[in-house]
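Down below is the structure, laid out as structure tokens.
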Amino acid sequence: MRRLRSFGPFKFCICLMVVPALLSGCSHFNDGRQAKTTFAEANDLYHQGNYTASLDKYSEIIDKYPATADRALFEMGIVYAHSKNEQKDYQKSLECFQKLIKDYPGSEYRQNSEMMIFNFRNVALKDQTIAAQQMQIETLQHEFQGKDQTIAAQQIQIETLQHEVQGKENEIGTLQKKIEALEKKFIAYAIRKGSVDRILIEKNARRLMLISQGEVLKSYKIALGGNPIGPKERQGDNKTPEGTYVIDGRNKDSRFHLSLHISYPNERDKIAQKNSVFLRAETS
């Protein structure tokens, strides 16, 4: 009994040392189990599409269970970058992976984090290229839209001008018809009344004048042959005869508004043509 009592203090010391060890082991076990439960909750929220609540759970894990922070950071990076996350943030996702690599170099998630960073950089480059191309496309679309509007405005302006020109042409045509009708009436009246006693044609000025008792009643611009200047010598020389003639006929079926025939050649012209033929025969 005495010997047992002598080891009592030693046994008590051993018990004191073992109890803290057991308490410590139970605490680590409980932390691991609670962390696992919280990971499951975060994962369930993620699959339910409640990404904000899921990220909050992962943040809670990092604060309460730092031993599992590398896993929490990796899964947070996945949640931030998930395509269905309406509030996805590639920058925050990248920061999670970069923090994992920096703070936990021996983590089993390091290699996957490096791969995710590499993919993010490629995606960022592609997104920048796509964004630049999209801006270029939108710029071109705006330019084409502006040109289409300009073309449409010009087309409307052209159509308006065409209508105006057509209206002016119609007005001119109407006025021309009125002028021609008035001229016909004037000439018919003048001839009927005998007021016009002379028609004078000035070849150089290409002008025809109606004269009554030495006074010019009206003048007109006229067209003559291809080579009208000088006296007419033969048929086909495109010259307008020079001399005094009378109007001896009128062509009512002419496509011009008035076609008059003059008494060419008169007796003087006939004599001049005979002499011209005789002279040419002598000289040849």
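Observations on the structure shown:
- Within the stretch 244-259, if we keep just the residues that are at pLDDT below 70 and among the hydrophobic types (A, V, I, L, M, F, W, C), the residue that is surrounded by the most Cβ atoms within 10 Å (Cβ to Cβ) turns out to be L258.
- S54 vs. criteria more than 26 Å from R33 (Cβ to Cβ), surrounded by 21 or more Cβ atoms within 10 Å (Cβ to Cβ) and in contact (Cβ under 8 Å) with a residue 24 or more places away in the chain: no
- Selection count where residues are within 46 Å of the chain's Cα centre (by Cα) and charged (D, E, K, R), scope the stretch 94-113: 1
- Scanning the stretch 217-233 for residues that are over 60 Å from the mean Cα position of the chain (by Cα) and modelled with pLDDT of 70 or more turns up L217, G230, P231, K232.
- Among residues of the stretch 210-243 being in contact with a Leu (Cβ under 8 Å, 6 or more places away or on another chain) and assigned to a loop (DSSP other than H, G, I, E, B), the one that is surrounded by the most Cβ atoms within 10 Å (Cβ to Cβ) is T240.
- N119 being without any contact (Cβ under 8 Å) to a residue 24 or more places away in the chain and assigned to a helix (DSSP H, G or I): yes
- Only one of Q87, Q128, Q162 that is modelled with pLDDT under 90 and either assigned to a loop (DSSP other than H, G, I, E, B) or surrounded by fewer than 10 Cβ atoms within 10 Å (Cβ to Cβ) (or both): Q87
The values are calculated or read from the model by the stated rules, or taken from the named source; none is laboratory data. No experiment lies behind these values; they were computed from the predicted model shown. Positions of Cβ are backbone-derived with ideal geometry, glycine not excepted, and every protein chain shown enters the neighbour counts.
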